[in-house]
Amino acid sequence: MANKLGLDQAKIDRARKLAGQIADDVMGSIADKTTVAMERTVLRLFGLDGVNEEGIPLPNVLVDAVVKKGKLERGISAWVLNAMLQTGMGIQEIGELVAAGELELTQLPLASDKEIRDRGAKEAQRALDRVRQSREARNERLLSLGEGSKPYVYVIVATGNIYEDVIQAKAAARQGADIIAVIRTTGQSLLDYVPYGATTEGFGGTYATQANFRIMRAALDEVGEEVGRYIRLCNYASGLCMPEMAAMGAMERLDVMLNDALYGILFRDINMQRTLIDQHFSRMINAYAGIIINTGEDNYLTTADAVAAAHTVLASQLINEQLAKHSGLPDEQMGLGHAFEMNPAIEDGFLWEWAQAEMAREIFPNAPLKYMPPTKHMTGDIFLGHVQDALFNLIGVATGQGIQLLGMMTEAIHTPLLHDRQLAIESARYIFNNARHLQDEVQFKQDGRMVKRARQVLDEATETMAGIVQKGLFHALSEGVFADVKRTWEGGKGRHGVVQRAPEYYNPIEEELVRRLSLGTAKEAVVE
Amino acid sequence: MANKLGLDQAKIDRARKLAGQIADDVMGSIADKTTVAMERTVLRLFGLDGVNEEGIPLPNVLVDAVVKKGKLERGISAWVLNAMLQTGMGIQEIGELVAAGELELTQLPLASDKEIRDRGAKEAQRALDRVRQSREARNERLLSLGEGSKPYVYVIVATGNIYEDVIQAKAAARQGADIIAVIRTTGQSLLDYVPYGATTEGFGGTYATQANFRIMRAALDEVGEEVGRYIRLCNYASGLCMPEMAAMGAMERLDVMLNDALYGILFRDINMQRTLIDQHFSRMINAYAGIIINTGEDNYLTTADAVAAAHTVLASQLINEQLAKHSGLPDEQMGLGHAFEMNPAIEDGFLWEWAQAEMAREIFPNAPLKYMPPTKHMTGDIFLGHVQDALFNLIGVATGQGIQLLGMMTEAIHTPLLHDRQLAIESARYIFNNARHLQDEVQFKQDGRMVKRARQVLDEATETMAGIVQKGLFHALSEGVFADVKRTWEGGKGRHGVVQRAPEYYNPIEEELVRRLSLGTAKEAVVE
Amino acid sequence: MKDLRHVRPYGDTWNDGMMQLSFSLPIPFGEEAKETARQYVAKLGLIEPQVVHGVDLGEEMSFFIVYAKATHTIDFTSITVPKIETPVMDFYEINRFIKERIGRKVVVVGACTGTDAHTVGIDAIMNMKGYAGEYGLERYPEIEAYNMGSQVSNEALIRRAMEVRADALLVSQVVTQKDVHIPNLTELVDMLEAQGIRERMIVICGGPRLNHELALELGYDAGFGAGTLAPDVASFIVHEMDKRTQEK
Amino acid sequence: MKDLRHVRPYGDTWNDGMMQLSFSLPIPFGEEAKETARQYVAKLGLIEPQVVHGVDLGEEMSFFIVYAKATHTIDFTSITVPKIETPVMDFYEINRFIKERIGRKVVVVGACTGTDAHTVGIDAIMNMKGYAGEYGLERYPEIEAYNMGSQVSNEALIRRAMEVRADALLVSQVVTQKDVHIPNLTELVDMLEAQGIRERMIVICGGPRLNHELALELGYDAGFGAGTLAPDVASFIVHEMDKRTQEK
Ligand code: B12
Ligand code: B12
Ligand SMILES: Cc1ncc(COP(=O)(O)O)c(C=O)c1O
Ligand SMILES: Cc1ncc(COP(=O)(O)O)c(C=O)c1O
């Protein structure tokens, strides 16, 4: 990767080191906790699925039952593994009995620790083998079908109805999309359970359910075969069910998941502890499943200004990166987010944006950066909007972004119509092809405006992080360091779902993930 | 002007020298000829206007009368000046008498050469003083009102009806246009007379008449006052009436005129001799009137390929430049043409185009280059077309073009509607402002693709011109060196209007122009 | 030449009626599809439809761009739009108006309600730092402003309004997909009425797809659309409060 | 779900009828203008019109972008488009066909007529080097092709056609502003008929705004639009010549 901006590597190293300290600090304060979502995730990976008569997912039913008894600090695993040992039944049967009120997990006689751990290890092997198979299936398909060239063309579908989504997604694939993201209905991230089954009614997006994942995965595999290109599927982990989503994604072979360490805290007012615990576990799953995560720094610029707050994006990317490393995510799966949100009215905004995008590229040379299009400054003028998106696409290819989330000219009006996507894709393909090697040819004047801008952003980000290191991330968040949003350690949604681990806490999935991701031995874990 | 492409100045000098030789050669073969259009121009500058009962313009009536007598080789001036001396009447009265059949110019007793020349000098003074006043009026307005920043935003109006044109032009000025070009109706360039009066019926454009020039000039002055910016007016000289158009433009204070040395030959099959004589005289007028000329190299790329034929554009620009110098045009009035006509389907087309546009900028550092938008590869897909135009605008500002002829997204459909222009202007303004100093910041990799491309085009153009020098331009044109079009010395329209000058040929306007433009003394003439 | 009673679209010739349309049809692409697009536009009463672009979207869907000429005319002189009539004052004038004519602080509670999480709009009106160079209501010395943020339920909003004895409620709705904002806005007014407190406060809504006309229809006192600034809203509130006091 | 007899535009939900429109109205910009635009679209029979953008164009003109939902349906299954039915052969097949079934060279004269100076289209069909990878007719050993270039009068074209005993005339028309091509195309057929020679040759027109249907209406044997290649035209000519010989 060229160093066009003349960024000082020592400065980059220092910034990364600060982020590392912040991340270590975070890891220290979450290590002794679990969450209801994390425990539900274990159940899902063990194979539990379905809902009770009231439509409550069985993982919730079981975990809530144990919570009610005040016994979740051991982790859910011991209880269900014991039940399996005691009854000889599988996880699903046990779940149904509990749902029917015919079984009380905490009332059964307890098998020995050794027995439980042996069974737990077996169940974890089986669960993660399934995930590995799904990862291998992806690799095989990628090998046999091939894939689009970078930047990957990423578009969203958001009709609210999974069956309409399928039509839109397949059409998009035919038009040239490489990644289809199914946008989630408004408000889902605040549900403390994962909705169940195929759904047809969402607002501004479609419910994320395992059935919907499966329907879309099958559709994309089908169209992928036809167009001779593997089509990646993306959905959201973020929210109160972050690790459960990751597990479902891992099982249903999603390829990309929105999974940010801070997004939920800042934008959904989810409790900090809850989010930070959940993100760690969910990212271990994503790491092992070979899923590319996408972080949400782009969101900062929807509330803050793209020039004034550029350094917060970089600081957050570095923190997200360091936290992701703790979960075993390799650079190649780190779709760190940033966005083209320059106010179109400012002189030289194109220069600032180009400098910032190049800076991200140079600081994270191996990450498939996710570059987000103009949204905040889009208006009902679809023609001008199409041009704003064109400049975004040009910077995308000129700075070698990994994932280009295509802008839609109708951004200010509605979620994309069938042909909005077609027009966006044809424009992006035109620009990507027409400026294919621009990146190799263009250099920037040393000590010119663009170079200075990038250096300034790096300096500011470093300063911000030095401040965070001093106060600690939690305190910094309470002061509104990111996106002008202030959050507290105890505030926010889902706090009640955070549980202190007892000394005898047991989570075989976590243990097996740590093993398979070699996280125990080295901090800078690599996928086996 | 930076040398970003590392072009070898010695090579540029050599290319320019070859072009100079070609131009000298042309000047040699036209020096002893005049044309009916040139003679009519003299009459117009003397003040003759109006039409006869059949609607034939009086300048045509008089020149044709003298042609019929086989006496044009002396030039029209001697005949009319003599008539003025003999009758004591003004040019208009004389014209009307001739039209009425009541006066035969060649039948009158002849005054002495001295008397004729004295009167001729006086008439020429008066004529050119009027032109100078018009030039000064422009300068005053430019001083008091100011003007837009470069690239000037140039848009066309082409309703066919001068009154509709006025609405469209004034609206465009309010939207941000700096230059309004009134496109001419199809076929007008092949008329061997200038239509008369205000007109409301044209196809794909509006008749160029002196009345129409005046109406539009007044409208633009009015709106210019209101928006606080001088709005330039452009029309076409090219065609069988090239110098007449130039004279009308000079009198009505047009600011820009399409005026190419080769366009008529190649694209309207106008006889070579005719065009080359007419262009020289018309350009002297434009030079003196302070009118920026626009050449038509862009047209080459509508029939030939923008990559394969790039060097013909450069060769033609150099030849146009050298011919223009013979007419006393300073660099600052040389709006040499080129165009963004890359096939959007080619990989790296944006790089080639950027390199070529930068090359033009560096080879003609002081010329207000006229950069033409994509036309050939525009389709009915107005959304993609708007993006093609956006890339064109970006290269325009990134290479410091002087005049940006805005592309319209409806290029493949119709001449611009009111809002097509608005959308084009808002997009151009957005890009110009957003990338204002991009030119200062971006450099190109030495020995990279773009740099090599520019060098190659320069080499090819030099080679082509070396060939033309050997054969002579006329022979080269007959071999189709430009735009794949072949023309012969004697072929084409308007040949009959070329007249060998007699030894006693007299043209006081030409003489006075030569004097005022200091063309007699130095070849590289500069406007006084 | 210009007859405002019979107005028709204009491209480059008076009354040419020129319009541009684009749309997809759920039919396989081809000559028949283009002809269908052409005839469809003709069905809308447009003449001389020209399909200038068509493309296969896949999945037996086709997209078209069409130019055509409309023949209908509309009487511009008869169009009226309900508008907020009270004059807009500036920051200083508003505070002075409150001091002089209301004589106590004006209490305003704002929120982005329902599942809607778009805070930027309501923040633009309320936050200290304001928007587009205009301070938000929190900065007004004579206004006590409570911004509840986003995803606030109508219950919570009303509860808070009662607590702080709000003079005005500001409701933001940005997500309008499938008209999801309508029931949410309607519900608030219904709840206020059911509790018999509708008349106690000025109820205002805003958002990029809202306007005064729609707001009135939904039972609000005023509605504000894109580009609204704090003084627009504040001016309306204080004038309206003043008017109501006068009327009593 | 899919009913091809009742087709309606599709945005993201079956039968939502979603359409995008843009147009200018010759009225001063403002709230009333936006409302006029909204009501105008409603007059076209579209429901829920949303004016998403409006701009003052100056000179008391305003531009709008509107989204709205169409309610009309169209029967796709009943749409038929006159098409050239003869199969398209390639370069080799065409030359072989001429040799075998016509037995002499086919003479074709082409021109861009009237004041139209757009040669690229007719050149694409006729010139040696062809277009988009397909040779033009001049390259066909069994075709004698004369390309008269542009701005050719109908008289000159007919004169030449008689001189060389043309089997087919190819007329290109690119400028269509104010329908300037229609009288020009009609005149040619009228002149041929007046001279009693219409039946002696196959008369074909082409251009970006032409199609087979319109060509038939104007009295031509065939019409070709955007993207035509030489083999399309040559195949039609030779099949038609063959058919006519058979019929005699
Ligand atoms: C920023 C943004 C976000 C941010 C919001 C951050 C935040 N804290 O607010 C994030 C990224 C979180 C987000 C998320 C989503 N968004 Co969003 N988002 C936008 C975006 C880009 C800009 C909105 C904005 O900030 N405008 C700037 C403000 C200043 O303008 P404004 O809101 O119009 O406010 C002004 C006026 O309307 C008025 N006003 C507004 N409210 C009020 C209230 C009162 C009382 C008054 C007087 C005036 C007033 O005054 C304001 C100042 O002038 C728009 C697209 C666009 N360009 O408009 C999409 C958009 C609004 N989002 C959309 C959607 C669908 C979503 C999601 C549902 C997508 C998803 N499924 O994930 C989510 C879910 C959020 C949720 N639960 O509601 C859609 C809505 C479609 C529709 N018509 O319904 C849009 C149009 C994008 C699109 N094309 O899909 N979004
Ligand atoms: C190149 C061009 C020119 C060049 C022409 C050079 C030349 N020697 O041909 C120049 C610069 C000279 C020019 C001038 C003008 N042009 Co012009 N031009 C174009 C342009 C950009 C491309 C046309 C083209 O070459 N297309 C490529 C060819 C391959 O496509 P085609 O013509 O459609 O041909 C294909 C088919 O239609 C078919 N076909 C065509 N003819 C025939 C005939 C037969 C028998 C058959 C079987 C098939 C066939 O086969 C071809 C191959 O597939 C178009 C805009 C556009 N993007 O379309 C404007 C355009 C056609 N021009 C236009 C105008 C108005 C003019 C001018 C009148 C402007 C002016 N007042 O100065 C002048 C005057 C010319 C004149 N007297 O006619 C308008 C026409 C508007 C309208 N609908 O009427 C257009 C659409 C631009 C615009 N938006 O204003 N133009
Ligand atoms: C990281 C991340 N997660 C989730 C979302 C959307 O989440 P929600 O479902 O909470 O609206 C976003 C926003 O686009 C995001 O950036
Ligand atoms: C130099 C020049 N003159 C004239 C024209 C147009 O001339 P005409 O009136 O011959 O169509 C053009 C074409 O755009 C041109 O480039």
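Please check: in the Gaussian network model of chain C (C-alpha springs, under 10 Å), which one of C:227, C:207, C:58 has the largest mean-square fluctuation. Largest GNM mean-square fluctuation: C:58.
Averaging 1/r over each pair of different alpha-carbon atoms in chain B and inverting the result gives 23.5 Å, the Kirkwood hydrodynamic radius. When each of B:359, D:89 is scored by the number of other beta-carbon atoms lying within 10 Å, the sequence from fewest to most is D:89, B:359. Once the convex hull of all Cα atoms in segment C:1-79 is built, its volume per residue stands at 89 Å³.
Amide H contacts for residue D:52 (H built 1.01 Å from N in the peptide plane; partners 5 or more residues away or on another chain; cut-off under 5 Å): D:65, D:66, D:67. Of D:115, B:206, the sequence from fewest to most neighbouring Cβ atoms within 10 angstrom is D:115, B:206. A crude spin-label estimate for the pair residue A:501 and residue C:78, with each label 7 Å from Cα along the Cβ direction, gives 7.6 nm. In this structure, the residue pairs whose Cα-Cα separation is over 22 Å, taken from A:370/A:445; C:99/C:248; B:11/B:325; B:33/B:122, are A:370/A:445; B:33/B:122. Based on the alpha-carbon gyration tensor of segment A:33-124 and its eigenvalue square roots a ≥ b ≥ c, which shape applies: rounded if a/c is under 1.5, prolate if not and a/b is larger than b/c, or oblate? Here segment A:33-124 falls in the rounded category.
Take every Cα pair under 8 Å whose residues are at least 6 apart in sequence, average their separation, divide by the length of segment C:154-207, and the relative contact order is 53 percent. Within straight-line reach of residue B:17, meaning a Cα separation under 12 Å, sit the following aspartates and glutamates at least 8 residues removed in sequence or on another chain: B:321. Other protein chain C-beta atoms within 10 Å of residue C-beta, averaged over D:42-51: 3. Please give the helix B:418-434 orientation as an angle from the longest Cα principal axis of chain B, in degrees from 0 to 90, rounded to the nearest 10. Once rounded, the angle reads 60 degrees. Taken one residue at a time, the phi angles of segment A:205-215 give Karplus couplings (6.51, -1.76, 1.60, θ = phi - 60°) of x, 10, 3, 8, 10, 5, 5, 5, 4, 5, 4 Hz. Gly and Pro are set to x.
Modelled this way, with points 7 Å down the Cα-to-C-beta line, the labels at residue A:87 and residue B:347 are 6.0 nm from one another. When residue A:8 is represented by a point 7 angstrom out along its Cα-to-C-beta vector, the spacings to that point in the other copies are 4.2 nm, nearest first. Inter-copy label distances at residue D:14, using a point 7 Å along Cα-to-Cβ, come to 5.0 nm with the shortest given first. Please determine, in degrees from 0 to 90 and to the nearest 10, the orientation of helix D:181-194 with respect to the longest principal axis defined by the Cα atoms of chain D, where the helix direction is its Cα long axis. Compared with the principal axis, the helix lies near 30 degrees. With respect to chain B, whose longest principal axis is taken over its alpha-carbon atoms, helix B:113-145 is tilted by about 30°. Note on B:432-440: average number of Cβ atoms from other chains within 10 Å of each residue's Cβ is 6. Straight Cα distances below 16 angstrom link residue C:243 to the aspartates and glutamates C:85, C:100, C:167, C:199, C:221, with same-chain residues fewer than 8 positions distant left out. Of A:352, B:489, the sequence from fewest to most neighbouring Cβ atoms within 10 angstrom is B:489, A:352.
Structural descriptor for chain C: relative contact order 17 percent, calculated from alpha carbon pairs under 8 angstrom and at least 6 residues apart. Taking the charge dipole of chain C about its Cα centre, with +1 at Lys and Arg Cβ atoms and -1 at Asp and Glu Cβ atoms, the residue from C:148, C:78, C:88 reaching farthest to the positive side is C:88. Comment: the Cα-to-Cβ extended label point of residue C:132, at 7 Å, lies 4.7 nm from its counterparts in the other copies, nearest first. Suppose a student asked you for the relative contact order of chain B, using Cα pairs under 8 Å spaced at least 6 residues apart; what percent would you report? Relative contact order for chain B comes out at 20 percent. You can think of it this way: the chain between residue A:145 and residue A:466 has 110.9 nm of extra reach, that is 0.36 nm per residue less the Cα-Cα gap. Only bridges whose two residues both fall in chain B count here: according to DSSP, what percent of them are antiparallel, nearest 5? So the antiparallel bridges in chain B amount to around 15 percent. Secondary-structure-derived ellipticity at 222 nm for the protein assembly as shown, considering helices only, amounts to -14500 deg cm²/dmol, per-run term -39500 (n - 2.57) for DSSP H runs with n ≥ 4. Straight-distance candidates among the lysines for linking to residue C:2, with alpha-carbon spacing under 22 Å and chain neighbours fewer than 8 residues away dropped: B:170, C:69, D:34, D:43, D:178.
Bear in mind these aren't lab numbers, they're just calculated from the coordinates by the rules spelled out. Predicted, not measured: the structure shown is a model, and the values here were computed from it. Cβ: placed from backbone, ideal geometry, glycine included. Neighbour counts: every protein chain shown.
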